[in-house]
1. Within the set of pairs 6 or more residues apart or between chains, which connect a residue that is closer than 16 Å to residue 82 by Cβ inside the stretch 96-112 to a residue that is part of a loop (DSSP other than H, G, I, E, B) and open to solvent by less than 40 Å² (accessible area, probe 1.4 Å) with Cβ atoms less than 6 Å apart?
2. I'd like the residue in the stretch 46-94 that is of a type in the set (A, V, I, L, M, F, W, C) and loosely packed, with under 14 Cβ neighbours inside 10 Å and, out of all such residues, is nearest to residue 30 (Cα to Cα).
3. Can you name every residue in the stretch 2-18 that is touching a residue at least 12 places away in the same chain (Cβ under 8 Å) and not in a strand (DSSP E or B)?
4. Among the residues of the stretch 19-61, write down those that are touching a residue at least 60 places away in the same chain (Cβ under 8 Å) and in contact with a Lys or Arg (Cβ under 8 Å, 6 or more places away or on another chain).
5. Restricting the stretch 10-40 to residues that are of a type in the set (S, T, N, Q) and out of contact with any Asp or Glu (no Cβ under 8 Å at 6 or more places or on another chain), which is most open to solvent (accessible area, probe 1.4 Å)?
6. If you go through the stretch 36-85 one residue at a time, how many are outside any helix (DSSP H, G or I), over 11 Å from residue 98 (Cα atoms), within 12 Å of the chain's Cα centre (by Cα) and not charged (D, E, K, R)?
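The values are calculated or read from the model by the stated rules, or taken from the named source; none is laboratory data. If you're wondering where the values come from, they're calculated on a predicted model, not measured in any experiment. With ideal geometry, Cβ positions are generated from the backbone for all residues, glycine too; neighbour counts draw on all protein chains shown. Side chains included, ligands, DNA and RNA excluded: accessible areas come from the protein's heavy atoms. Shrake-Rupley method; radii C 1.70, N 1.55, O 1.52, S 1.80 Å.
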Amino acid sequence: DVKDVARGGKTFDVAAALAPGKITVIDYWATWCHPCKHIDSALRQLATKHPQLAVRKAEVVDDDSAVVKQHLGAGVTLPIVWIYDRNGKLLHKLVGTDEKRLRAVLEPLLSK
């Protein structure tokens, strides 16, 4: 369950992007962000292995993007991953994260 919720720096409604009954990850990424590619690969692998995981992807174009202004604020360090529980409660905001940290936070939630 991997879907784009925002492309080209456009913004989106977080509440509408959440998948009720699933752990939802919102992945803020950019084409120019090399670490974002590793996060994308890891999230796609986890989503294939865990049907209770929903990944929602939001593309960041630059600091002036609507998605940055509404959700992240200026001067952010990608990749950024927000993790919500099955009831839509925000559990974690991982900023400038890497695959090891992502898996350390996400895998225990998926094994419950």
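1. From the stretch 96-112, the pairs are 97/79; 110/50.
2. Applying the filter and picking the extreme gives 74.
3. Matches in the stretch 2-18: 7, 8, 9, 10, 11, 12, 14, 15, 17, 18.
4. 20, 21, 22, 23, 24, 25, 42, 46
5. Here the answer is 11.
6. 8
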